[in-house]
Amino acid sequence: MQIARYQQMIATIKVIKPVVNGLNINIPRSKRGLVMFTHSSITRRAAAASFAFVALLAAQPAMAGDSNGTIGISLDVSGACAVNGGTVTAGTLGELGTITFAPQPGIFGDIDATVVSTRTGGGAITILCSPGLTPAMAIGAGAHADSSVRRMAFGQNMVPYRLYSDANHSNEIMIGQPVALGTATTDAISLPIFARVNSGGKVLAAGAYTDTVQVTLTW
């Protein structure tokens, strides 16, 4: 009985294997139902696997497209100079500095002084220009000039004074004369203004003598 059952199973396996491999063989009539059932089961399993694979593909996110371009960025910078560390580079800058001579009696010889900044705690007047510029300064006549000589005044009383671009007082800055300050770098430039006054052998009236001159920077 068991031998017959094993023989039937072997026969069934031999019949099913050709079906699975798709071979065209003669199938015993008594085994066709089993073969058809086996073939149908395999077909359903294959179809289910195919459906699952398609569903898996459909679940994957679609690849996003991309495109690219450019943005141009630009800035035009003009040459400029700022005075005493300020940010104003054009127009009226107000008082940049002062020259104050030491107090004197009514008659005196040469007295020297140097301009000091009113914005940097008493240091030199400085300008910072765009590198490569060649700034220059010119100093006006002031309020009481006589011809080519600048003067300080106390009422109707006058005393002449002179300005120089060097500490040795050998290069006088004439009225309106441009004074070259060299080629600008990343370092600040000190304005070289030195002053000298003399009573000219006269006894001056006691009082506070003053003047104001216009300084013009060009670059």
State whether the residues of the stretch 197-209 include one that is over 18 Å from Gly109 (Cβ atoms) and in a strand (DSSP E or B).
no
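Filter the stretch 196-207 for residues that are closer than 24 Å to Ile173 by Cβ and not hydroxyl-bearing (Ser, Thr, Tyr); which is nearest to the chain's Cα centre (by Cα)?
We begin by selecting, within the stretch 196-207, every residue closer than 24 Å to Ile173 by Cβ; these are 196-200, 204.
So of that shortlist, the ones also not hydroxyl-bearing (Ser, Thr, Tyr) come out as 196-198, 200, 204.
On the way: Arg196: 45, Val197: 47, Asn198: 51, Gly200: 56, Leu204: 57 Å.
Among those that are closer than 24 Å to Ile173 by Cβ and not hydroxyl-bearing (Ser, Thr, Tyr), it is Arg196.
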I need the strands (runs of 3 or more DSSP E) fully contained in the stretch 104-173, keeping only those with at least 3 residues that are in contact (Cβ under 8 Å) with a residue 12 or more places away in the chain and within 43 Å of the chain's Cα centre (by Cα).
126-129, 136-139
Does Val116 satisfy being under 20 Å from Gly86 (Cβ atoms), crowded, with 16+ Cβ neighbours inside 10 Å and not charged (D, E, K, R)?
yes
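We did not get these values from a lab; they are worked out from the coordinates using the rules stated. Since we're looking at a predicted model, the values are computed, not measured. All Cβ positions, glycine included, derive from the backbone under ideal geometry; neighbour counts span all protein chains shown.
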